[in-house]
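Here is the structure we will look at, set down as structure tokens.
Rule-based calculations on the coordinates, nothing more; no lab input. These numbers were taken from a predicted model, which means no experiment stands behind them. Every residue, glycine as well, gets a Cβ built from its backbone with ideal geometry; the counts of neighbours run over all protein chains shown.
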Amino acid sequence: MKTPRTWLRSLGGAGTLAAALALGLTAATAAPVTPGATAAPPAAEAAKIQPIDPVPAPAKVPAPAHAKVPSGSPVAINGQLKVCGTKLCNKAGKPIQLRGLSSHGLQWYSQCLTNGSLDALANDWKADVLRISMYIQEGGYETNPRKFTDQVHALIEQATARGMYAIVDWHMLSPGDPHANLARAKTFFTEIGQRHKNKNNLLYEIANEPSAVSWSRIKSYAEQLIPVIRQQDPDTPVLVGTRAWSSLGVSEGADETEIVNSPVNAANIMYTFHFYAFSHRDEYLNTLSRAADKLPVFVTEFGTQNYSGEGSNDFAMSQRYLDLMASKKISWVNWNFSDDHRTGAVFKTGTCGSGGPWTGTSSLKPAGVWIRDRVRTPDHFPTR
């Protein structure tokens, strides 16, 4: 029986950074796939969305006013990305695979996104991409749109200065209908597009994890929002969330065929898929494999644990996913670059508050050691 992925990982979310603030982390997904599993009641799920411990005020980190892309970096090599067929391609028109990390919710873990930690992500981890996860509810954007928009602006500059791509993650989680935040999304992405349209290192993720809504409803949202984005920024690829917590519908008894039969009417877009290896087994893996042969897919969130980002790591199942994604050049982002208490956060609890150490493996949990090793073996970026 498929049960909803409840996003217990809301505590480990995306990182934000005002023009003078450091970043935080984003939420996770939850969709148990184990037969006979049952979903936790709504009240229990809501409780899991709250931070467990008080989060210190984010450290102030100046963002470069006009960041320049360093030579030899992923962005310098690949330039402006575009969707070509079912692949993500670089400026030479060659398919590539990006590998990187997602922040936790900016409202909770911005202290994990500092000059030191982002230097480590780019230079020690050798990551290609940072996912900037900005929650809309759960104490996020809706509480102070100006503050959170400025944090995203600053994080984009931080990623740019280090030659990394930046996924601007509109981290809608609850309510699961993206239309609930359509007006806010139009306002936010209009400003982001206006300011950063001349950059070549962005991707816009417009609906983190829709749930309890039909694909047609998600498609309608995308077809209303994408034209607004394109008025400001005609070139940046757009990542569209999929049904049932971005499981391509699997967590609500569907699959990729509903998208194949009724794709979003827009160009230069990809569809997102999220998985947590301990919970999401062969049915999810096989769906991803089939979908990637017919649709452009980007795995914007995954973990080696269960759907809540907790419990034991299943590195064997995780490696099966990574092998598949490497073979089909499916880009991926791991959840998450924080020191949340869950096993899915890469840093040991307390690392961010004490300011590291950020490099090496001494501050990493087992999942962090495992993921770092795989981020450090990047795709070969063909240029001709």
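Test of understanding: what is the full-extension gain from THR257 to SER312, defined as 0.36 nm times their sequence separation minus their Cα-Cα distance? Numbers along the way, then the final one.
On the way: separation 55, 0.36 × 55 = 19.80 nm, distance 3.22 nm.
Difference between extended and current length: 16.6 nm.
Can you check what the net charge comes to around ALA326, using other residues whose Cβ is under 10 Å from the Cβ of ALA326 (Lys, Arg +1; Asp, Glu -1)?
Details: positive: ARG99, LYS328, LYS329, ARG374; negative: ASP323, ASP379.
Computed value for this residue: +2.
What's the FRET efficiency of ASN286 with THR359 using the Cβ-Cβ distance as r and R₀ = 45 Å, to the nearest 0.05?
0.75
Would you mind checking which residues have amide H under 5 Å from LEU239's amide H? H placed 1.01 Å from N; only 5 or more apart, or other chain.
TYR204, GLU205, ILE206, MET270
Give me TRP245, TRP370, TRP215 sorted ascending by neighbouring Cβ count inside 10 Å, so fewest comes first.
TRP370, TRP215, TRP245
List, in order, the whole-Hz ³J(HN,Hα) value for each residue of the range 356-361 obtained from phi through the Karplus relation with A = 6.51, B = -1.76, C = 1.60 and θ = phi - 60°; use x for Gly and Pro.
Coupling constants for the range 356-361: x, x, 8, 8, x, 10 Hz.
Can you sort MET134, MET164 by how many other beta carbons sit within 10 Å, fewest first?
Values: MET134 30, MET164 25.
Lowest to highest Cβ neighbour count: MET164, MET134.
So if R0 is 45 Å, what FRET efficiency would LYS186 and ASN115 give, r being the distance between their Cβ atoms, rounded to the nearest 0.05?
Details: r = 33 Å, r/R0 = 0.72.
Result of the calculation: an efficiency of 0.85.
Where does each of VAL83, VAL69, VAL240 land when they are ranked from fewest to most other beta-carbon atoms within 10 angstrom?
Values: VAL83 17, VAL69 20, VAL240 28.
Going from sparsest to densest Cβ surroundings: VAL83, VAL69, VAL240.
Collect residues whose amide H, placed 1.01 Å from N in the peptide plane, falls under 5 Å from the amide H of CYS84; neighbours closer than 5 in sequence don't count.
Placed amide hydrogens put CYS89 under 5 Å from CYS84.
Amide H neighbours of PHE273 under 5 Å, counting only residues 5+ apart in sequence or on other chains, H built in-plane at 1.01 Å?
Answer set, sorted by chain and number: PHE298, VAL299, THR300, GLU301.
Grab the beta carbon distance between ARG384 and SER220, set R0 = 51 Å, and tell me the FRET efficiency rounded to 0.05.
Numbers: r = 41 Å, r/R0 = 0.80.
Here the calculated transfer efficiency is 0.80.
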